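The values are calculated or read from the model by the stated rules, or taken from the named source; none is laboratory data. A quick note: this is a predicted structure, and the numbers were derived from the prediction, not measured. So basically every Cβ, Gly included, is an ideal-geometry build from the backbone, and we count neighbours across all protein chains shown. When the accessible area is computed, the model is the full protein with side chains, heavy atoms only, and any ligands, DNA or RNA have been set aside. Shrake-Rupley method; radii C 1.70, N 1.55, O 1.52, S 1.80 Å.
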Amino acid sequence: MRKTIAIFSLMFVMAGCGGHKPLNQPPQGVQAEAIDKQAGLNADGMRFSAVITPDSEVPLSFRIPGYVTSLQQVPGQDGRMRDIAEGDRVSRGAVLVRIRSSEYEDKVRQASSQAAAADAVFQKAKLDFNRATHLYDNQSLTKPDFDSARAQYDSSQEQVNSARALTSEAEIALRDTSLIAPVNGDIVKKAVEMGAFVGPGIPAFAVAKTDVVKIVVGVPDTVVRSVGLGQPVEVGIDAFPTRTFHARISRISSAADGVTRNFEVEVSIPNHDHLLKVGMIGSLQLANAGGEIRSPALLVPLSAVVQAKDGKYGVFVVSESSAGEVARLHSIEIGAVNGTDISVVNGLQAGDRIIITGANLLKDGQRVEVLQ
């Protein structure tokens, strides 16, 4: 989608820089092609394709730096144990990787010793304060001596709290030398190896939850108004051409994309057998509003689409005139993006010769020369 936005933005900026060209100027050289590709439509609705994504993906990184000393071991195809790799499935709570812990163990021992010493000082200060309180109540101790005992007691208590906090922080750092899988899922990214140094915050693994997978498609307003949350749909997967997967619509965008004017519709597919992998291609068909029958949409290159004066989108079509071939701007209604093409559901006919290169330099009615 970002690529599409960038392409449109560049075309529109370049289009705005062009000026009117008199008809007596030489024709503008362009490249054109006749439309013959049709989007996946039939009388019942519109077909959309998208890449399968996980239900969620969790990047895992260390909070502290260190050298990798061990990776989780899994059985290999040859029966020997090997390091965990991308594509392996992990269980929640599994230790995926450990970094060297000796320095963090030293910090725990040091902090624990300081906490023990601070506690000993506190216990003595507590006894002195209790004794001073008894003597002061019997008027056998002066006020300055009592205040001194209280101050020593309060100070030693603060030192104990501080030492315990340092010990707790050292223990947390020691626990953080292990990176633990937070969910059941598949390893989709691995960026560490044995002996490597890892820094804090740098992703080491990414774990994807794939018990449910999703595809997200962009649909026009004529289709989105006929779908609802929880609606069942049938999804086809290119990798399994003879099988249909049952799914449901799990999210519908509340606003259209600013460039394509399509609404995002998310479809969730149960994947308990984990046949579906992240990156596979899925397709589904959604009905038009009211069961309306529409003509098949036409696929045109994104490079052919320009912005018309009324703010809508248009495509230049090569037409014959007394002056020769000219470019005529046709307003169009666009549909879903399919790779480097976009579907046009209204405004063009099969066989129209559209300008695919140089369209952003043209004006309506300008003479053109179609280059081979």
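Quick one: length gained pulling residue 321 to residue 221 fully straight, 0.36 nm per residue minus the C-alpha distance?
So the chain would gain 32.3 nm between residue 321 and residue 221.
Using the crude model of +1 on Lys and Arg Cβ and -1 on Asp and Glu Cβ, and no other charge, please compute the dipole size for the chain relative to its Cα centre, in debye to 20.
Dipole size: approximately 120 debye.
Of the residues 324, 87, 230, which exhibits the maximal mean-square fluctuation in a Gaussian network model of the chain defined by a 10 Å Cα contact cut-off?
324
How much FRET efficiency would the formula 1/(1 + (r/R0)^6) give for residue 172 and residue 240, where r is the Cβ-Cβ distance and R0 is 41 Å, rounded to 0.05?
0.35
Using 0.36 nm per residue, how much length does the chain from residue 364 to residue 81 gain when fully extended, once their Cα-Cα distance is taken away?
In short, 95.1 nm is gained.
Helix 2-16 sits at what angle to the longest principal axis of the chain, using alpha carbons and giving 0 to 90 degrees rounded to 10?
For 2-16 against the chain, the angle is about 50 degrees.
With charges only on Cβ, +1 for K and R and -1 for D and E, what is the dipole size of the range 210-324 about its Cα centre, in debye, rounded to 20?
100
Say R0 is 30 Å: what FRET efficiency, to the nearest 0.05, do residue 127 and residue 102 get from their beta-carbon distance?
Approximately 0.20, to the nearest 0.05.
In Å², what does the accessible area per residue of the chain work out to with a 1.4 Å probe?
Value returned for the chain: 55 Å² of accessible area per residue.
List the residues whose amide H sits under 5 Å from the amide H of residue 180, counting only those 5 or more places along or on another chain, with H placed 1.01 Å from N in the peptide plane.
Under 5 Å from the amide H of residue 180 lie the amide H atoms of 96, each far enough along the sequence or on another chain.
How do the peptides 112-118, 263-269, 173-179 rank, highest first, by the average count of neighbouring beta carbon atoms within 10 Å per residue?
Highest to lowest by the protection proxy: 263-269, 173-179, 112-118.
Amide H to amide H, which residues 5 or more places from residue 368 or on other chains are under 5 Å from it, using H placed in the peptide plane?
The list, which skips near neighbours in sequence, is 28, 325, 326, 327.
Can you work out the PRE-style zone for residue 308? Point 7 Å along Cα to Cβ, and I want the residues of the range 233-266 with backbone N under 18 Å.
259-262
Leaving out ligands, DNA and RNA, what percent of the accessible area of the chain is carbon and sulfur, probe 1.4 Å?
Accessible surface attributable to carbon and sulfur in the chain totals 51 percent.
Rounded to the nearest 0.05, what FRET efficiency is calculated for residue 257 and residue 74 with R0 set to 41 Å and r the Cβ-Cβ distance?
0.45
How far is helix 143-175 tilted, in degrees, relative to the longest principal axis of the Cα atoms in the chain, given as a value from 0 to 90 rounded to the nearest 10?
The answer is roughly 40 degrees.
Would you pull out the residues with amide H under 5 Å of residue 308's amide H, same chain only if 5 or more places away, H placed 1.01 Å from N?
Answer set, sorted by chain and number: 313, 314.
If you take the charge dipole of the chain about its Cα centre, with +1 on Lys and Arg Cβ and -1 on Asp and Glu Cβ, which of 139, 168, 347 is farthest toward its positive end?
It is 139.
Identify all aspartates and glutamates with a Cα-Cα distance to residue 126 below 16 Å; exclude those on the same chain that are fewer than 8 residues away in sequence.
145, 147, 154, 158
Using a 1.4 angstrom probe on the protein heavy atoms only, could you order 124, 363 from most to least accessible area?
I get 124, 363, largest accessible area first.
So how do 71-84, 215-228, 144-157 stack up, highest first, on mean other-Cβ count within 10 Å?
Result, highest mean Cβ count within 10 Å first: 215-228, 144-157, 71-84.
What is the extension gain from residue 274 to residue 120, computed as 0.36 nm multiplied by their sequence separation minus the C-alpha to C-alpha distance, in nm to one decimal?
Extra length from residue 274 to residue 120 when fully extended: 49.6 nm.
By how many degrees, between 0 and 90 and to the nearest 10, does the Cα long axis of helix 102-137 differ from the longest principal axis of the chain?
Value to nearest ten degrees: 50.
So for the chain: antiparallel DSSP bridges make up what percent, rounded to the nearest 5?
Bridges in the chain that DSSP calls antiparallel: roughly 95 percent.
Could you give the semi-axes, largest first, of the ellipsoid that matches the chain, computed as the square roots of 5 times the alpha carbon gyration tensor eigenvalues and rounded to whole Å?
Gyration-tensor ellipsoid for the chain: 68, 28, 22 Å.
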